[in-house]
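Structure, as structure tokens:
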Amino acid sequence: MAYDVVEQHLEVALAARVGAPVRESRLDCIDCDDPISESRRVAARGCVRCSACQTLHEDRRAQYAR
Ligand SMILES: [Zn+2]
């Protein structure tokens with residue numbers, strides 16, 4: 001969860017640096033189509049996955065990195 005927030009902040013910072021517009025959070029998850037809670041959309045701006053799918057996504061990525 002903490003990593004997710006850090007990543008989102010990093011994306012926002014990078015987007016700001018190149019002058020790109022900050023992505024809007026999606027209303028539903030790109031992986032499972034479940035609605036993403038309003039609190040998550042605000043906390044993790046630009047998020048595209050629900051917290052469950054984001055966790056899975058980062059677990060997979062961590063495995064590839066090994
Ligand atoms: Zn999902």
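Filtering region 15-41 to residues that are part of a helix (DSSP H, G or I) and either at pLDDT below 90 or surrounded by 14 or more Cβ atoms within 10 Å (Cβ to Cβ) (or both) leaves Ala15, Ala16, Arg17, Arg40, Arg41.
When region 45-66 is filtered for residues that are small (Gly, Ala, Ser) and within 13 Å of the ligand (Cβ to nearest atom), the ones remaining, listed by number, are Ser51, Ala52.
The values are calculated or read from the model by the stated rules, or taken from the named source; none is laboratory data. These figures come from a predicted structure and were not determined experimentally. Every residue, glycine among them, receives a Cβ derived from its backbone with ideal geometry; neighbour counts consider all protein chains shown.
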